[in-house]
Amino acid sequence: MIFFTSKKKETTNPSHWGNEKIWIEKCIDSCQTRKQISSMYQLISLYDNKYKNEIDPDLLWHIVRNLHRKREDKWEEILKKELEK
């Protein structure tokens, strides 16, 4: 009789670069402070470094550029809200 069994570790599929891009966009949209939005810069840089050798360089450049543009737009939105107070 066996009382203890060893569980097999569930293998998780690595996330797709498109899903991570969408997740980063959602993170940017949820930012409410300048500190949060400035940390998005680091997150985008980590994304860039992670997929540097996996995605076509031109495609990656466009993705990262658009993420930075979205971050900058959110930064301006947060600044406007702070100035209105």
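Taken together, the values in this text are just the output of simple stated rules run on the coordinates, not laboratory data. What you see is a predicted model, and the numbers here were worked out from it, not measured in a lab. Ideal geometry is used to build each Cβ from the backbone, glycine not excepted, and the neighbour counts take in all protein chains shown.
Simple rule: put +1 on each Lys or Arg Cβ and -1 on each Asp or Glu Cβ in the chain, find the dipole, and look at 62, 43, 75; the Cα lying farthest toward the positive end is 43. Computed over the range 17-80, the Cα gyration tensor eigenvalues convert (square root of 5λ each) into semi-axes of 22, 10, 9 Å, ordered from largest to smallest. Dipole magnitude for the chain: about 360 debye, using +1 per Lys or Arg Cβ and -1 per Asp or Glu Cβ, origin at the Cα centre.
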